[in-house]
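Trainee: This is the structure I want to talk about, given as structure tokens.
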Amino acid sequence: MQFHSQRQMIADEVHARPFQQLSPPLKVLHFALMLGDKSIAEVRDDISEFFLQCGGEAMQPEASFCYQQLESLALRWEAHTEFYTLTLYQNQLDRLWQQSIAGLPENWSDQLPGELITGVQIQVVEPSAEGDEEMARELFRNHQLIGSRVMRGAARVWTDFRAEGEFYLDRILVKNIHMHGYQCGRLIQRLCEIDTYRAVALLGLEPARQTMREVSRLDRELAEITLKLSELDKGDESETLDALMSLSAQAEEISADTVNRFSASDAYYALVRMRISELEEIRIEGLQTLEQFIERRVDPAMRTWQAAAQRLERLSQRIARSSNLLRSRVDLSTEQKIHGLLSSMNKRTRRQLTLQAKLETFSIIVVTYYVFDLVERTIRHLTSGEPRDMAIHWLSYSLPVVVLLVWWYVRRITKEFKSDD
């Protein structure tokens, strides 16, 4: 028995991104940065250098995930298709909610490659610590408070989903009730992923708005062309068909530019909904849950890019129908021209046959003359004296028969032509 070449890769993939075992008090900084023009290999090298400066080890080549537990902090790096995430953990509380962690090198944020698209700051407090709902309301005092009991009541979560501080990070306060280590790790990871995937999913919103504007413009142009279809003069179809082809090309260009973004946004938002469902939220009276907030604020954006994709698809179908209608008109006009040309050719052929029929008499005379002359010459060369005179005499009497035979033969040929016509 031989092993498949990808057997080890498939087995390792199941454990590629494990949850960490965490416990309060805990401070977490999570950053999501777009790759931009950098390749994942270049980013990996830069983050590996960052790990070394923090006191860690260099990452393995081709690695897409790395977690290192150092003395004073822990580092987690994870690569994705168009972005990467970096998460910093430290077992301490920071009542000032500073967006930095002790043990990081100087100017550490300048060493991170890529463009920051979102981030989240999480603090997990002990079960006996102060700061139930009062601490949360004091922290988020100027904004709408969002919260719920999660993990079947094992913890409570509060946030306002507003970017604050030096790096404009969302702040989330978690109070541990009776979570064990891996449960806390799963909760932290899901909260980070909800914030990350929510932001990346919303990257489809601006292309959707731009697509809406472009589709509206193309809709107006198509409506004007469609209105003129019934008023077109013969010969103007080619110009109108070129205009329709131009609209179709523009619609396809827009679709090619946006289809991947819209598909990615749908996939990311599906992950957001999945991670929220995994929180197993229980509503706190008077507070909006994370699921309710996300559905209220992100669902409209999702419907926007879905509507843009649908409008673009309908526009392409309308252009195709208008093009088919115009092509049908062009085909009909072409068929009429061909029919007229064939009718004209048929008329000329009939005239030729009529002229040929009128010339049949002359043809019969000419053929009869040549036949009679050929037979007479043959008789004169082959015979002499009285037999020749008798043969010529009988040939003269057979002239009507020769004429009838020639006439019958010519009529037979012309009859075949007429039957084919």
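The values are calculated or read from the model by the stated rules, or taken from the named source; none is laboratory data. Fair warning: this is a prediction, and the values are worked out from it, not measured in the lab. Don't worry about glycine lacking a Cβ; one is built from the backbone with ideal geometry, like all the others, and counts go over all protein chains shown. Just the protein is used for accessible areas: all its heavy atoms, side chains included, with ligands, DNA and RNA removed. Shrake-Rupley method; radii C 1.70, N 1.55, O 1.52, S 1.80 Å.
Trainee: Among 337, 38, 175, whose mean-square fluctuation peaks in a Gaussian network model of the chain (Cα, cutoff 10 Å)?
Mentor: Checking each option, the largest mean-square fluctuation is seen for 337.
Trainee: What do you get for the angle between helix 386-397 and the principal long axis of the chain? Use alpha-carbon atoms, 0 to 90 degrees, nearest ten.
Mentor: Long axis of 386-397 versus the principal axis of the chain: about 60 degrees.
Trainee: Shifting gears a bit: Determine how many Å³ per residue the convex hull of the Cα atoms of the range 201-356 encloses.
Mentor: 150
Trainee: If packing is taken as the average number of other Cβ atoms within 10 Å across a peptide's residues, how do 320-330, 297-307 rank, most packed first?
Mentor: Top to bottom by mean Cβ count within 10 Å: 297-307, 320-330.
Trainee: If I stretch the segment between residue 346 and residue 282 completely, what's the gain in nm (0.36 nm per residue apart, minus their alpha carbon distance), one decimal?
Mentor: Result: 14.3 nm gained on full extension.
Trainee: Using only alpha carbon pairs under 8 Å that are at least six residues apart, calculate the relative contact order of the chain and give it in whole percent.
Mentor: 15
Trainee: Right, something else. Among [x] 67, 56, 42; [y] 90, 53, 36; [z] 154, 63, 40, which is the computed Cα extents along the principal axes in Å?
Mentor: [z]
Trainee: Could you give the angle, 0 to 90 degrees to the nearest 10, between helix 40-53's Cα long axis and the longest principal axis of the Cα atoms of the chain?
Mentor: Compared with the principal axis, the helix lies near 10 degrees.
Trainee: Determine, for each peptide in 46-56, 20-30, the mean count of other beta carbons within 10 angstrom over its residues, then list the peptides with the highest first.
Mentor: 20-30, 46-56
Trainee: Kindly count the pairs of lysines across the chain whose alpha carbons are less than 29 Å apart, treating pairs on different chains or eight or more residues apart as eligible.
Mentor: So the count of such lysine pairs works out to 11.
Trainee: Still on this structure: Quick one: of the DSSP bridges fully inside the chain, what percent are antiparallel, nearest 5?
Mentor: Percent antiparallel among DSSP bridges in the chain is about 85.
Trainee: Return a whole-number percent for the relative contact order of the range 34-149, with Cα pairs under 8 Å and 6 or more residues apart as the contact set.
Mentor: 25
Trainee: Taking the chain as the reference, fit the longest principal axis to its C-alpha atoms, fit the long axis of helix 205-229 to the helix C-alpha atoms, and give the angle between the two in degrees, 0 to 90, nearest 10.
Mentor: Tilt of helix 205-229: around 20 degrees.
Trainee: Still on this structure, please answer the following. Send over a whole-number figure in Å² for the accessible area per residue of the chain, probe 1.4 Å.
Mentor: 59
Trainee: Grab the other residues whose beta carbon is less than 13 angstrom from that of residue 278, score K and R as +1, D and E as -1, and report the net.
Mentor: Result for the local shell: +1.
Trainee: Continuing with the same structure: So, in Å, what gap is there between the alpha-carbon centers of the range 132-199 and the range 40-89?
Mentor: 24
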